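Trainee: Have a look at this one.
The values are calculated or read from the model by the stated rules, or taken from the named source; none is laboratory data. All values derive from a computational prediction rather than experimental measurement. Every residue, glycine as well, gets a Cβ built from its backbone with ideal geometry; the counts of neighbours run over all protein chains shown. Calculation scope for accessible area: heavy atoms of the full protein, side chains included, ligands and nucleic acids excluded. Shrake-Rupley method; radii C 1.70, N 1.55, O 1.52, S 1.80 Å.
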Amino acid sequence: MAGWRGVLLAGATALVLAGCNANDGVSPMSKANKSLSPQTLALIQQKGMEKSSPIVVRIFKEESELEVWKETTGGEYALLKTYPICRWSGELGPKVKEGDRQAPEGFYTITPGQMNPNSSYYLSFDLGFPNAYDRAWGRSGSNLMVHGDCSSRGCYAMTDEQVQEIFALGRESFFGGQRSFQVQAYPFRMTADNMVRHRNNPNLAFWKMLKEGSDVFELTKAPPQVGYCGKRYVFNATPVDPSQKLQASAPCPDYTQPEGLAEALAARQRETDTRIASAGALQPAAPIKTGKDGGMHKVFIAKLENPELSAPGSLPAVVKPPGSDYGVATNEPAPAESIALATADTVTEASAATGVPLPAPRPADAPGGPRTAVAAATPAPAAPSLFSFFGGGSSTPPTTAPAATAPGAAPATPPPAPATQVASLDSGGFFDGLKNLFGGSTPPAPTPTTQATAPGADAAAEVPVPPVRQAPAPAPSARPAASAATAPAPRANPAPAPQASTARPAAPTSASAPPPSAGVVPRQTHPGYGTSTSTAATPPAAATGTNGAGPALRPSVTSQNEAIYGTQALPGATILTPGSFSSSVQ
């Protein structure tokens, strides 16, 4: 009885395909009824399969690959062929609504009625979107296909020669008695490494659910039995109560899975979750959106760059590469900017419109920081020294020079200090009277011709653009004596200009300070005391530790996964694994 059902199903399938192909007639030479190539038939026999055995189709967006698996004589499924996808549209992630250009992701069932031999895109079969899961989430869309012509608006587009062979494999499986074949559409190969790399994507929970179905296929070597409940996919699930049914929008009833399968799936899920949780900030993460409107396999990008290279199938006269908003002719080398956009990791809207990739903005934490941010920064004036209150010496408050002023040059008129800065309390009022009471003096106003501070004082208040680095001056043999009541004389050998972010100008010593010697440990004046005189010995210029060199740059972090977004083209059709693709028609 089962044999008669298979014969009737095969006859019905032939009638359906013949009826859809009325324009071309029921002919062995029509595109829908062309036989498999001798090379493909030999590969089927080599792998222990039959021409009419059931098939499963697996699609991987990011890799731009479509796989056809076929049942062997031993009852397990094995990979027959891998076909490069010529074009798919949208971003990684499921299709949500009509017109979003997203190619579907999920599990879909293809029946003979969904095969279209009279397609406008050579040959095609409808994915059947939306399925029960998509409808439970209110998703919409129609006419989402796997077809030829290398053009996509929410579909997976192959070359005409490729889709002809895939169509023939599906047709032969229907003739062999398979009622429908399964299409598993994934964002990428569902490995733990890829899940970690896409850990920041908002679709991660959805992809974990798809990974469970992929794991079932890999563990059982058979297509998973797909069910829907609780607005999610469930695989190989059998309700404990036979009277209960799995319904996509209803809560999931208690169900069981085959012995050992649930434990194996849980172990894989724990491994993925652990690796995602332990992924550090330095571990590469894929961009959430690329801005390229889909992808194209490397072999076709290479052929666009060099039309002399071979590819699995012929390309139409004009093809729109990923990242471009215009098509390119396929009979001549594509423009360099089109190839650059197609192979870039991400593309901005502006670069897609102009055809030129825009560089990424300079990171804020890069060595040196943004140039404009450095030029705009201005340090606050130093706070008054406690020693100046008791007549221990007077000091000239540092003036803030414009960013373009050369180091060491004082402005004609000092700019007024902001009212919110504490350093403005040093002039006038209570502090002047307190200093005068203990013998102190009011700091003289700076003049354009006379500078009371050391040559490096103004440089410390500036933020040069770019920073000027001077060679360190030799340490002076003797230090000038400073009077407690007058401003110190400028030093004979000025210290090198310190960096604005860390160094402070050397302060003159008092008259009682001993000259520096090997037994005296230099001590930096406390930042809270500003630039006034200190009794501590001033360290020589060599103590700064800079030796005229710039700050040590932070080394770039090199990832071992750097080649994950590799853009080297793989010319030719050698990527068809296993076996080779033949575009010859018998």
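Trainee: Here are some conditions: (1) out of contact with any strand residue (DSSP E or B) (no Cβ under 6 Å at 6 or more places or on another chain); (2) open to solvent by less than 30 Å² (accessible area, probe 1.4 Å). Residue 219 meets all but one. Which one does it not meet?
Mentor: Result: residue 219 passes all but (2).
Trainee: Looking only at residues in segment 290-330 that are of a type in the set (A, V, I, L, M) and assigned to a loop (DSSP other than H, G, I, E, B), which one is most open to solvent (accessible area, probe 1.4 Å)?
Mentor: Among residues in segment 290-330 that are of a type in the set (A, V, I, L, M) and assigned to a loop (DSSP other than H, G, I, E, B), the one most open to solvent (accessible area, probe 1.4 Å) is 317.
Trainee: State whether the residues of segment 237-249 include one that is touching a residue at least 40 places away in the same chain (Cβ under 8 Å) and exposed (fewer than 15 other Cβ atoms within 10 Å of the Cβ). Lay out the reasoning, then the answer.
Mentor: In the first step, residues of segment 237-249 are kept if they are touching a residue at least 40 places away in the same chain (Cβ under 8 Å); the result is 248-249.
The next check asks that each one be exposed (fewer than 15 other Cβ atoms within 10 Å of the Cβ); those that pass are 249.
Within segment 237-249, one or more residues are touching a residue at least 40 places away in the same chain (Cβ under 8 Å) and exposed (fewer than 15 other Cβ atoms within 10 Å of the Cβ).
Trainee: A follow-up question, please. Report, by residue number, each residue of segment 266-283 that is closer than 26 Å to residue 345 by Cβ and either in a helix (DSSP H, G or I) or open to solvent by less than 40 Å² (accessible area, probe 1.4 Å) (or both). Can you show your working first?
Mentor: Taking segment 266-283 as the starting set, the residues that turn out to be closer than 26 Å to residue 345 by Cβ are 272, 275-283.
Result: 272, 275, 276, 277, 278, 279, 280.
Trainee: Name every residue in segment 44-62 that is open to solvent by less than 50 Å² (accessible area, probe 1.4 Å) and under 39 Å from the mean Cα position of the chain (by Cα), in order of residue number.
Mentor: Those that are open to solvent by less than 50 Å² (accessible area, probe 1.4 Å) and under 39 Å from the mean Cα position of the chain (by Cα): 54, 55, 56, 57, 58, 59, 60, 61.
Trainee: Next question. Picking from 287, 258, 333, which residue would you name as being within 27 Å of residue 209 (Cα to Cα) and open to solvent by 60 Å² or more (accessible area, probe 1.4 Å)? Explain how you work it out, then say what you get.
Mentor: Numbers: 287 fails: open to solvent by 60 Å² or more (accessible area, probe 1.4 Å); 333 fails: within 27 Å of residue 209 (Cα to Cα).
Within the list 287, 258, 333, the selection yields 258.
Trainee: Report every pair of residues separated by at least 6 positions or lying on different chains whose Cβ atoms are under 9 Å apart, first residue within segment 286-300 and more than 15 Å from residue 64 (Cα to Cα), second acidic (Asp, Glu).
Mentor: Listed pairs, sorted by first residue: 286/62; 286/345; 287/345; 288/91; 289/91; 291/91; 291/349.
Trainee: Could you identify the single residue in 56, 96 that is more than 18 Å from residue 163 (Cα to Cα), among the β-branched types (Val, Ile, Thr) and modelled with pLDDT of 95 or more?
Mentor: Every option except 96 fails the conditions.
Trainee: Another question, if that's okay. Count, please, the residues in segment 184-214 that happen to be in a loop (DSSP other than H, G, I, E, B) and either under 14 Å from the mean Cα position of the chain (by Cα) or of a type in the set (S, T, N, Q) (or both).
Mentor: 7
Trainee: Six or more apart or on different chains, Cβ atoms under 8 Å: show the pairs whose first residue is in segment 49-66 and under 30 Å from residue 301 (Cβ atoms) and of a type in the set (A, V, I, L, M, F, W, C) and whose second is open to solvent by 10 Å² or more (accessible area, probe 1.4 Å) and not in a strand (DSSP E or B).
Mentor: From residues that are under 30 Å from residue 301 (Cβ atoms) and of a type in the set (A, V, I, L, M, F, W, C), the pairs are 55/178; 56/223; 60/189.
Trainee: List, please: which pairs have Cβ atoms under 7 Å, are six or more places apart or on different chains, and start with a residue in segment 95-114 that is without any contact (Cβ under 8 Å) to a residue 24 or more places away in the chain and end with one that is open to solvent by less than 60 Å² (accessible area, probe 1.4 Å)?
Mentor: From residues that are without any contact (Cβ under 8 Å) to a residue 24 or more places away in the chain, the pairs are 114/125; 114/126; 114/128.
Trainee: So, residue 187, is that one open to solvent by 10 Å² or more (accessible area, probe 1.4 Å) and either touching a residue at least 24 places away in the same chain (Cβ under 8 Å) or farther than 30 Å from residue 41 by Cβ (or both) or not?
Mentor: Spelling it out, it is not the case that residue 187 is open to solvent by 10 Å² or more (accessible area, probe 1.4 Å) and either touching a residue at least 24 places away in the same chain (Cβ under 8 Å) or farther than 30 Å from residue 41 by Cβ (or both).
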